[in-house]
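**Student:** Supplied in structure tokens, the structure appears directly below.
The values are calculated or read from the model by the stated rules, or taken from the named source; none is laboratory data. It should be emphasised that the depicted structure is a prediction, and the values quoted were computed from it without experimental measurement. Don't worry about glycine lacking a Cβ; one is built from the backbone with ideal geometry, like all the others, and counts go over all protein chains shown. What goes into the accessible areas is simple: the full protein's heavy atoms, side chains included, and nothing from ligands, DNA or RNA. Shrake-Rupley method; radii C 1.70, N 1.55, O 1.52, S 1.80 Å.
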Amino acid sequence: LVKWEESIEDYMAREVLPHIPDAAAFFALQNEVRAAMPHPEQFVPDTLENITAYLREDLCIGAYDGERLGAYFILRYCGRSAHNYAAFLGVPREEWEHWANADSAVVHPDWRGLQRKLLEAALPLVRPGIVGIGATVSPENQYSLNNALACGFVIADRREMYGGYDRYLLKKML
């Protein structure tokens, strides 16, 4: 987990060890933001158990104002798991370990504007050997789609995912 201490003038990143309160804060923020969305189906929520595992195993960046979490980004290293978006991008299975998933970007309405900054902050922190990043976004979620495209992602496909939700499948080569 990388913690971003938010201030008006700048952002300061520092690494901290993952712990359950961070997972609970990520989970609570996800649920609060999704509940306030006009179309909550645009975001498929995760479980507390999964978020806890991501904090231990993957790249997670949280934007904080003191102890208050206002936004986060999760980049998952799925390896050869069927959860790796590389599987849907036509990448040969033996290359999946060189791909990561841009899994979740959650921003409280009071903190709008951080989604792209979190993604940009994550890119230099990606594990060595990762050559591409896959992502999904609802075609109706123009804000997230525009942020991903502005960060160099391209639309690779449109398909049903997550039990029947319409999604763009995006990719970015590093």
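**Student:** Sort out which residues of segment 122-145 are in a helix (DSSP H, G or I) and over 12 Å from the mean Cα position of the chain (by Cα), and write them in order of number.
**Tutor:** Listed by number, the residues that qualify are Pro124, Leu125, Gln142, Tyr143, Leu145.
**Student:** Return the total of residues in segment 35-46 being open to solvent by 60 Å² or more (accessible area, probe 1.4 Å) and either in a helix (DSSP H, G or I) or without any contact (Cβ under 8 Å) to a residue 12 or more places away in the chain (or both). Before the answer, list the steps.
**Tutor:** Initial filter on segment 35-46 (open to solvent by 60 Å² or more (accessible area, probe 1.4 Å)): 35-36, 38-39, 41.
Filter again for either in a helix (DSSP H, G or I) or without any contact (Cβ under 8 Å) to a residue 12 or more places away in the chain (or both), leaving 35-36, 38, 41.
Going through segment 35-46 one residue at a time, the tally reaches 4.
**Student:** Separate question: Within segment 79-98, identify whether any single residue is under 26 Å from Arg56 (Cβ atoms), over 12 Å from the mean Cα position of the chain (by Cα) and part of a strand (DSSP E or B), and answer yes or no.
**Tutor:** Checked segment 79-98: no residue is under 26 Å from Arg56 (Cβ atoms), over 12 Å from the mean Cα position of the chain (by Cα) and part of a strand (DSSP E or B).
**Student:** Does Asp110 satisfy the criteria of being under 20 Å from Phe43 (Cα atoms) and over 17 Å from the mean Cα position of the chain (by Cα)? Show your work before the answer.
**Tutor:** On the way: under 20 Å from Phe43 (Cα atoms): yes; over 17 Å from the mean Cα position of the chain (by Cα): yes.
When the stated conditions are applied, Asp110 passes them.
**Student:** Okay, moving on. Identify, by number, the condition in (1) crowded, with 19+ Cβ neighbours inside 10 Å; (2) of a type outside the set (S, T, N, Q); (3) part of a helix (DSSP H, G or I) that Ala53 doesn't meet.
**Tutor:** Failed condition: (1).
**Student:** Kindly indicate whether Glu95 is in contact with a Phe, Trp or Tyr (Cβ under 9 Å, 6 or more places away or on another chain) and exposed (fewer than 15 other Cβ atoms within 10 Å of the Cβ). Quick ask: steps written out before the conclusion?
**Tutor:** On the way: in contact with a Phe, Trp or Tyr (Cβ under 9 Å, 6 or more places away or on another chain): no; exposed (fewer than 15 other Cβ atoms within 10 Å of the Cβ): yes.
No: the conditions fail for Glu95.
Table: residues versus (1) touching an Asp or Glu at 6+ places or on another chain (Cβ under 8 Å); (2) buried (at least 18 other Cβ atoms within 10 Å of the Cβ); (3) at pLDDT 95 or above.
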site: Leu75; (1), (2), (3): yes, yes, yes
site: Tyr85; (1), (2), (3): no, yes, yes
site: Asp110; (1), (2), (3): no, no, no
site: Ser144; (1), (2), (3): no, yes, no
site: Leu149; (1), (2), (3): no, no, yes
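**Student:** While we're looking at this one, here's another question. Filter segment 163-174 down to the residues that are touching a Ser or Thr at 6+ places or on another chain (Cβ under 8 Å) and open to solvent by 30 Å² or more (accessible area, probe 1.4 Å), then identify the one that is farthest from Met37 (Cα to Cα). Give the steps one after another, and end with the answer.
**Tutor:** So the first thing to find is which residues in segment 163-174 are touching a Ser or Thr at 6+ places or on another chain (Cβ under 8 Å), and the list is 165-170.
This time we only want the ones that are open to solvent by 30 Å² or more (accessible area, probe 1.4 Å), so: 165-166, 168.
Working: Tyr165: 16, Asp166: 17, Tyr168: 19 Å.
Ranking the qualifying residues of segment 163-174, first place goes to Tyr168.
**Student:** Checking Gly113 against (1) in contact with a helix residue (DSSP H, G or I) (Cβ under 8 Å, 6 or more places away or on another chain); (2) over 20 Å from Ala156 (Cβ atoms): exactly one of these is not met. Which one?
**Tutor:** Going through (1) in contact with a helix residue (DSSP H, G or I) (Cβ under 8 Å, 6 or more places away or on another chain); (2) over 20 Å from Ala156 (Cβ atoms) one by one, Gly113 breaks only (1).
**Student:** A follow-up question, please. Take the residues of segment 117-142 that are under 23 Å from Val91 (Cα atoms) and polar (S, T, N, Q): which is least open to solvent (accessible area, probe 1.4 Å)?
**Tutor:** Restricting to residues being under 23 Å from Val91 (Cα atoms) and polar (S, T, N, Q), the top hit is Ser138.
**Student:** Only one of (1) without any contact (Cβ under 8 Å) to a residue 24 or more places away in the chain; (2) in contact with a His (Cβ under 9 Å, 6 or more places away or on another chain) fails for His83. Which number is that?
**Tutor:** Tallying (1) without any contact (Cβ under 8 Å) to a residue 24 or more places away in the chain; (2) in contact with a His (Cβ under 9 Å, 6 or more places away or on another chain), His83 fails exactly one: (2).
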